Amino acid sequence: MPDVVHGPRIVIIGGGIGGLAAAAFLRRAGLTATVHEQASALTEVGAGLVVAPNAVRLVRRLGVMEQLLRRAVPLDWGWEFRRWADGSVLSVENLSGVCERLYGERTYVVHRADLLDTVLAAVPGEWIRLGARCASVEAVSDGALVRFTDGGHIEADVVVGADGMHSVVREAVTEPAPPEYSGLCAFRTIVPGHAAPDFALRRAQTLWLGPGRHFVHYPIAGGQAVNVVAVAPAGDFTDESWSATATIEELRAEFAGWDPRVTDLIAAGGAPGRWALMDRAPLRRWSRGRVTLLGDAAHPMFPFFGQGAAQSIEDAAVLAHCLAASADDPGQALKRYQSARIERTTRLQQVSHARRDINHLPDGPEQQARDTALAGSDPLVSNGWIYGHDAEAALTP
Ligand SMILES: Cc1cc2nc3c(=O)[nH]c(=O)nc-3n(C[C@H](O)[C@H](O)[C@H](O)COP(=O)(O)OP(=O)(O)OC[C@H]3O[C@@H](n4cnc5c(N)ncnc54)[C@H](O)[C@@H]3O)c2cc1C
């Protein structure tokens, strides 16, 4: 790791996976930063994440791979698509050995808190300020002024908005654009390993596709729990926060008539969290002057490709590289960062959006055509543009 040198004063708003990854990569690049997080503790809600090779190779470069491996489950089977009514396998990706051979890394599933802790291990504790809620960011000459809700403020040479879906920093960069209602919500629940059937403890990411809904599960926490995410019609529910809860009965009712392995798994879990999926068009810009965005603040996406956190880690690596390369011209560095990233993240937003309809086709000719196409496809290869991407190597000098 290089010695820390003096450089621009970099302020990161938000201590989620993206903000902490930005701090970790800046440190690796020899720069310093402070992370300002509104919460009084660094935590992630109890749900799982897929960590695909494009993110794993960057986590490895942070030197915290051991930390990840302590709790992550390596997948032997990825994207195992099954039919809603009887569980027949529509297609399955064999990851054992193949993923490493193609992309140099395995694919893991992990509790979100474990990924957060992994990235946190690469950030000096004194860089993090908790209970600091940003109220606004405004441009000043050669920098930006960050105001906090407690009345405090700081000046920075660079401000990075890693403050998620409802970013306040975004207002300093682009016109406000309210999200659109998608009509869908995601339920999530965790099933303790001892209550989960062996079927759900396999090292597989299983997706059950059915009319208007889909259901995903995979093991997390070293195999001691099963993460369940179910996407279903939202009705008039519009709360975009996991802290909203539903009942097991409500979730079971959504999947009534599905293969009993689905409904039994729901019954074995705790009360589900519920999250309305809002639709947001890709931004045309996310850097202005000395202020930029990263992760969900820049490019929120439907979770159907499991790439939101991975893209925030890619952003972090590229941002650090650009800032270190042009430490005396941060405005130029932020432009370079945006232009290196925006095409790829826009494409991921678009393909994630398109999968909403494909995953939820009613039974009929279109669904049959989809299932035939799935049977003949190899997502491990067709998604090579996602998994094979090395965000740092892709940077042109
Ligand atoms: C159902 C579901 C499943 C998903 N599955 C996957 C998956 O398998 N793989 C994957 O890679 N991604 C997945 N994602 C996406 C992933 O969770 C997000 O893309 C990722 O967490 C974004 O990280 P972030 O740091 O940009 O934002 P966030 O995680 O939202 O973090 C933002 C942080 O900023 C803080 N903050 C907000 N406002 C302020 C403020 N004003 N001042 C100070 N702090 C502030 C917040 O408290 C928070 O800590 C999924 C998402 C969902 C909803």
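Quick look at the numbers
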quantity: Signed unit charges on C-beta, dipole axis of the chain, positive-most listed residue 81, 339, 304; calculated: 339
quantity: Sites residue 284 and residue 130, calculated FRET efficiency, Cβ-Cβ separation with R0 56 Å, nearest 0.05; calculated: 0.95
quantity: Computed [θ] at 222 nm, helices only, for the chain once each DSSP H run of length n ≥ 4 contributes -39500 (n - 2.57); calculated: -9500 deg cm²/dmol
quantity: Highest-first arrangement of 111-123, 66-78, where packing means the average Cβ count within 10 Å; calculated: 111-123, 66-78
quantity: Choice from 31, 102, 251 showing the highest fluctuation, given a GNM over the chain with Cα pairs closer than 10 Å; calculated: 102
quantity: For peptides 388-394, 288-294, sequence by mean Cβ density within 10 Å, most packed first; calculated: 288-294, 388-394
quantity: Three-way shape label, the chain, alpha-carbon gyration tensor, a/c 1.5; calculated: prolate
quantity: Cα gyration tensor shape for the stretch 30-132, rounded if a/c is under 1.5, else prolate or oblate; calculated: oblate
quantity: Theoretical FRET efficiency, 1/(1+(r/R0)^6), r = Cβ-Cβ of residue 368 and residue 180, R0 41 Å, to 0.05; calculated: 0.85
quantity: Antiparallel bridge percentage (DSSP; both residues within the stretch 149-298; nearest 5); calculated: 90
quantity: Euclidean distance between Cα centres, the stretch 125-191 to the stretch 272-340, Å; calculated: 12
quantity: Inter-label distance, nm, simple model (7 Å from Cα along the C-beta direction), residue 39/residue 396; calculated: 3.9
quantity: Percent RCO, i.e. relative contact order, over the chain, from Cα pairs under 8 Å lying at least 6 residues apart; calculated: 22
quantity: Most to least packed among 181-192, 235-246 [average Cβ atoms within 10 Å]; calculated: 181-192, 235-246
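All of the numbers you see were taken from the coordinates with simple rules; none came from a lab. Predicted model only: the values in this text are computed from it and were never measured. So basically every Cβ, Gly included, is an ideal-geometry build from the backbone, and we count neighbours across all protein chains shown.
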